[in-house]
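The values are calculated or read from the model by the stated rules, or taken from the named source; none is laboratory data. All values reported here derive from a predicted model rather than from experimental measurement. In this analysis, Cβ positions are derived from the backbone assuming ideal geometry, glycine residues included, and neighbour counts consider all displayed protein chains. Side chains are part of the model used for accessible areas, which takes the heavy atoms of the whole protein and leaves out ligands, DNA and RNA. Shrake-Rupley method; radii C 1.70, N 1.55, O 1.52, S 1.80 Å.
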There are 2 protein chains.
Amino acid sequence: MSPKITTELLRQLRQVMKSPKYVQEPVQAYIVPSGDAHQSEYIAPCDCRRAFISGFDGSAGTAIITEQHAAMWTDGRYFLQAAHQMDNNWTLMKMGLKNTPTQEDWLVSVLPEGSKVGVDPFIIPADQWKRMSKALRSAGHDLVPVKENLIDTIWTDCPQRPCKPLITLDLSYTGDSWRDKIVALRSKMAERKVVWFVVTALDEVAWLFNLRGSDVEYNPVFFAYAVIGLNTIRLFIDGDRMMDPAVREHLQLDSTLEPEFKIQVMPYGSILSELQAIGAGLLPKEKVWLSDKASYALTEAIPKAYRYLTPYTPICIAKAVKNTSETEGMRRAHIKDAVALCELFNWLEKEVVPKGTVTEIIAADKAEEFRSQQKDFVELSFATISSTGPNGAIIHYKPVPETNRTLSVNEIYLLDSGAQYKDGTTDVTRTMHFGTPSAYEKECFTYVLKGHIAVSAAIFPNGTKGHLLDSFARSALWDSGLDYLHGTGHGVGSFLNVHEGPCGISYKTFADEPLEAGMIVSDEPGYYEDGSFGIRIENVVLVIPAETKYNFKNRGSLTFEPLTLVPIQMKMIDVNLLTQKECNWVNDYHQKCREVIGAELERQGRHEALRWLIRETEPLIRVQ
Amino acid sequence: MSPKITTELLRQLRQVMKSPKYVQEPVQAYIVPSGDAHQSEYIAPCDCRRAFISGFDGSAGTAIITEQHAAMWTDGRYFLQAAHQMDNNWTLMKMGLKNTPTQEDWLVSVLPEGSKVGVDPFIIPADQWKRMSKALRSAGHDLVPVKENLIDTIWTDCPQRPCKPLITLDLSYTGDSWRDKIVALRSKMAERKVVWFVVTALDEVAWLFNLRGSDVEYNPVFFAYAVIGLNTIRLFIDGDRMMDPAVREHLQLDSTLEPEFKIQVMPYGSILSELQAIGAGLLPKEKVWLSDKASYALTEAIPKAYRYLTPYTPICIAKAVKNTSETEGMRRAHIKDAVALCELFNWLEKEVVPKGTVTEIIAADKAEEFRSQQKDFVELSFATISSTGPNGAIIHYKPVPETNRTLSVNEIYLLDSGAQYKDGTTDVTRTMHFGTPSAYEKECFTYVLKGHIAVSAAIFPNGTKGHLLDSFARSALWDSGLDYLHGTGHGVGSFLNVHEGPCGISYKTFADEPLEAGMIVSDEPGYYEDGSFGIRIENVVLVIPAETKYNFKNRGSLTFEPLTLVPIQMKMIDVNLLTQKECNWVNDYHQKCREVIGAELERQGRHEALRWLIRETEPLIRVQ
């Protein structure tokens, strides 16, 4: 990996930072955040501006360029990668280390008095703007919005913003029509005395209209905004996508509809002026609802007194609670996904053990190939983490030719992968050994398994927040002095983003919403030994009501049902470290894998994979 | 309980709210918070202003009086009590219920335009002032400080502020001299580039100077402030307490000392003017450190740009980590406390079973009597919760003649009690049955015990915050659909307040500091069945390093050692619900009680109680 040479680019950028063509007054610093205008986790190539200017293409990082300096803030996952990808025009700011200054402190230390710091107001979330602006102002500087993105002005070969065809989802997939969803949203708006709701997150637009796209890799979303009034619906979207008869039919664009369900289609780029017009026409006490993570530009369009900001929007919360059609779809998707993985693992055992020719990349490609054979397969849901031996300890590893390792009978193999099917999104991790694992490897694996079971089998009262379950996943590791440095679970979308709010299971998240029946999260404890191996066991699980002997204060209880049905490698389990209850859990789980996935393998005529499944789901026996 | 008649008092208060003698401009509303000028949990009679004006004397509540209304906000623990104690001049505002307005919203709804809302700036913490002031200002009203407390102006028979003699603690109790503590504090101040530190919490003043008092019941503190500079020490305290030769000797008031350790004694009432003088004389970049819970009056004395506010002060954090002398003192105190409880329980078994003449109050008094026989006993550490049958379900119950119940062989008895000894503070809850408990009572008790053990035996990495352990205490209850609606543990002072920050174990507390070896907390899960019974099992436990098989990232692990050594009634345990590990925990715990407390009972010649202890610590045997 050789660094990107950025001398000329930085020279050009510094020129436009002073050019009256682009800035009202020269800016002494320019901030280039990671995100796009929708605060997406995964972004389109045209939005990879920070990677363009610096060379560093990790998923998190903020660049700040001044007349003299160019600095990059990123976290521990990316220290090495950023150092390799950036040339010596750049200073790496290692976040999380004690002596690393914050962006604000650094700016204050390097800027001449009374400086202007520019940023694209569409890229920076309103809450970040507020914090940064306050810090700069108190030091005598100003944060200023620069309307035209300055990176775009020098990015001559910038790829076009994707504008791919849409997929319409009918009721059999979504359970609720977009009209039902609009009605429900309006009732939430009425409760809060809000007259407009602005949809800025791409997955929220997609969910609301029962549409999917492919503008962003791995996330079936499309570039759009929506503004919902009590009697109006405006969809801001570009391209000829609205010419597609299926889409017109789905949105009933050509039907005679009650006016409150008539969708006005407007250009993507007109959102700001439309919001400004709405902002200017508000009556006293009328409120406009936005996420507090919406961009500064859109938030500012509504005068402060009229804004109603919340960390989670009503769409985010409604989307998290899956209805019967969605959970049934998720079940189907996970069955297909399990079929693909049974095929893969059976193939790996045949290939790795005798031949030793399978690399991490080949294994990842093979997994994709098996998945793509399944009905309604659309694409992967994230970049496959296919890692063997020491690469398994790199939590966000993705194999590339420079790091690609060959699977062998001497190393642990960790595969974290998932797919988008038209009926659901999957995300599963299995850790396997193709030879004979050491006692220590088995011990660690078994602690991780105990943590996985502790969460999966937990019973807890309605209203419990996911972060209260996080320690259950760690307890067995803690008992032996071990731990893992990531959260235990994240929300999963239904044929949508593989990471979604507002629920999760993590020691870090205290802003999570309570778990409710119908929510879907991952359960993925792990253990990582730097330079040696990584272990993770991940199922996607559905929150379901639990039957309990008593029912305190009539609150009701919840538990989880695994949607992922892929055998957990028994060779890796030290059965004597399991309690009888845990042992029963494994056997019941494997029994269910055998029944459900076995039937589907049979139906698909995949007999060799079926034999593999039967072998891998024999009951464990615990020696008393 | 008949309500207090407040018509005349309210008339008088409304008069002074308009009197130019007390207010610059009339105030249309006056807020009467619960606390004192030090934000103490327990307050002196002279500070019970809210109880005086309303009749309601629960531990939490805020009164607001306007020209037309008088309203009281309190939480679920006190709805019944407040309703009984207040006459119909008052409206009860039930906090936590959906339709109850916040104080701010209510004020905005009832006040005429452009109103002034008064409050004593010494009683309201700065953070509360800020929130309330902002809300009122945005609705066109003003929160104004009223220098003279308006309740005090009409409270003709207000008791005097207590000013009782001080106790000096020598090194054998404190481990560190007050000079050492000042040196350590100054080094923390230097780290943060702070030139003054203002000590406002009473237990922090007491801890810093190794002094104790008895101005507030149950809390061995005294009314004082302190201001520590880099070269000066000022102690603000009233009365002739500083004339006591022992105190003068302890503080070296008459010795020739290096100037930086010379304590300047000043009147309690001069704190504000002294702080204002300090505030006026600060150089640029000099900072003054205060708790963010310090009063508005003191916080305002320091200009905003010079304030350094933190939720926990360095004294609060240092005080929480007990040194060897303190932990040894706590151990001694808990041994004496256990002796007293063995005597009590032995006496109860003899009295309750055949005679049935013991009431909750008699039992509480007897417990105090046995404790007072122990060396260095000072007073109780809180009002004894002595509750039988349905009274046990009232979590903050205190027996009074109207509710006093007789202990019997048919009901569960819950005793939550503790004492202040010169060497330590205790807090212990035991739940017992003097007849034959039902299978259901045993089942519930055993779940609570499992939760108690899960916390007590937990092993967790250094740096873990207590709230991450809270679910361990609930897991066994949750499995059966049960729960309890309070936190699991609180910090405990060393011959200081029985509740202290900054650590604890609760699903609610996310601002807690990480647990460290030397911290002391309670472990007290429970289960309460309204109208029937209450169960709680509480030990005070010390955080100690844990030996583990591995040591991930060299972080080290922690666990707890019980300081409380009082048998857990075996009759209440359904042993078949325990795992072998839990059964071993109980047996090991009882073995330690027998050894340690047995030896002390022997030494004190308390042979009957010793026989009781031996009987109550026989090993449990689990049927496989």
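Observations, loosely collected:
- Across B:T359, B:T324, B:T406, A:T6, the residue with the most accessible area heads the list, and the full order at a 1.4 Å probe is B:T324, B:T406, B:T359, A:T6.
- Straight-line cross-link reach from B:K553 at under 25 Å between alpha-carbon atoms covers these lysines, not counting any fewer than eight positions away in the same chain: A:K94, A:K98, A:K398, A:K442, A:K450, A:K508, B:K465.
- Counted charge near A:S291, where neighbours are those whose Cβ lies closer than 10 Å (Asp, Glu -1; Lys, Arg +1): -2
- Of the trypsin sites (Lys or Arg not before Pro) in segment B:101-132, those whose Cβ has at most 10 other Cβ within 10 Å and which sit in DSSP loop: none
- P(r) for the protein assembly as shown, from all Cα pairs and a bin width of 10 Å, is 2, 8, 14, 18, 20, 18, 12, 6, 1, 0 %, short bins first.
- Per residue of peptide B:538-548, the mean number of Cβ atoms on other chains within 10 Å of the residue Cβ is 1.
- Remark: segment B:321-616 carries 33 Å² of accessible area per residue (probe radius 1.4 Å; ligands, DNA and RNA excluded).
- Net +/- balance of residues flanking B:W207 in space, Cβ distance below 9 Å, scoring K and R +1, D and E -1: 0
- Degrees separating the helix A:607-616 axis from the principal Cα axis of chain A, which is the longest one: 80
- Computed on chain A, with alpha-carbon pairs under 8 angstrom and 6+ residues apart, the relative contact order is 10 percent.
- Burial here means at least 40 square angstrom less accessible surface with every protein chain in place than with the chain by itself, probed at 1.4 Å; in segment A:478-494 the buried residues are A:W478, A:D479, A:S480, A:G481, A:D483, A:L485.
- Total accessible surface hidden between B and A, rounded to 100 Å², 1.4 Å probe: 2900
- Probe 1.4 Å, accessible area per residue of segment A:167-318, Å²: 41
- Extending 7 Å from the Cα toward the beta-carbon at both A:D152 and B:A599 defines two label points whose distance is 7.8 nm.
- Position B:R137, label points 7 Å along Cα→Cβ, spacing to each other copy in nm (shortest first, one decimal): 1.2
- Between A:F79 and A:N554, the contour length at 0.36 nm per residue exceeds the Cα-Cα span by 165.9 nm.
- Positive-pole candidate from B:A458, B:L496, B:S408, dipole of segment B:391-496, charges at beta carbon: B:L496
- Across segment B:346-464, C-alpha contacts under 8 Å between residues 6 or more apart give a mean separation that, scaled by the residue count, equals a relative contact order of 24 percent.
- Förster radius 22 Å - calculated FRET efficiency between A:A60 and A:T403, Cβ distance, rounded to 0.05: 0.65
- Å² per residue, accessible surface of segment B:6-154 at 1.4 Å: 47
- Inter-site label distance for A:T436 and A:T100 at 7 Å from Cα along Cβ, in nm: 4.4
- Whole-Hz couplings from phi, Karplus 6.51/-1.76/1.60, listed for segment A:206-214; x for Gly and Pro: 4, 5, 4, 9, 6, 10, 10, x, 8
- Look at where the Cα atoms of segment B:75-131 and of segment B:1-70 average out, and the two centres are 11 Å apart.
- Measuring nothing but alpha carbons in chain A and taking Rh as the Kirkwood radius, the Rg to Rh ratio lands at 0.98.
- Computed [θ] at 222 nm, helices only, for chain B once each DSSP H run of length n ≥ 4 contributes -39500 (n - 2.57): -10500 deg cm²/dmol
- For the protein assembly as shown, the fraction of 1.4 Å probe accessible surface lying on carbon and sulfur atoms is 53 percent.
- Here B:Q604 yields copy-to-copy label distances, from shortest upward, of 7.3 nm, the label point defined as 7 Å from Cα along Cα to C-beta.
- What separates the B:Q24 label point from its copies, with the point 7 Å along Cα to Cβ, is 3.8 nm, written shortest first.
- For segment B:481-562, applying the loop criterion from DSSP together with a ceiling of 10 other beta carbons within 10 Å to the trypsin sites (Lys or Arg not before Pro) yields B:K549.
- Loop-located trypsin sites (Lys or Arg not before Pro) in segment B:353-387 (DSSP state not H, G, I, E or B) with no more than 13 neighbouring Cβ atoms inside 10 Å: B:K375.
- Taken about its Cα centre, the protein assembly as shown carries a charge dipole of about 1200 debye when Lys and Arg each add +1 at the Cβ and Asp and Glu each add -1 at the Cβ.
- A simple spin-label model places the labels of A:H486 and A:S177 4.2 nm from each other, with each point 7 Å out along Cα-to-Cβ.
- Net charge of Cβ neighbours under 13 Å - reference A:S172; Lys, Arg +1; Asp, Glu -1: -4
- Nearest 10 degrees, 0 to 90: helix B:580-603 Cα axis against chain B principal axis: 80
- Whichever lysines have a C-alpha closer than 21 Å to that of B:K164, once near sequence neighbours (fewer than 8 apart) are set aside: B:K422
- Rg over Rh for segment B:6-154 works out to 0.92, using Cα positions for both radii and the Kirkwood form for Rh.
- On Cα atoms only, tilt of B:439-456 relative to the major axis of chain B in degrees: 60
- Overall form of segment B:416-486 per C-alpha gyration tensor (a/c, 1.5; a/b vs b/c): oblate
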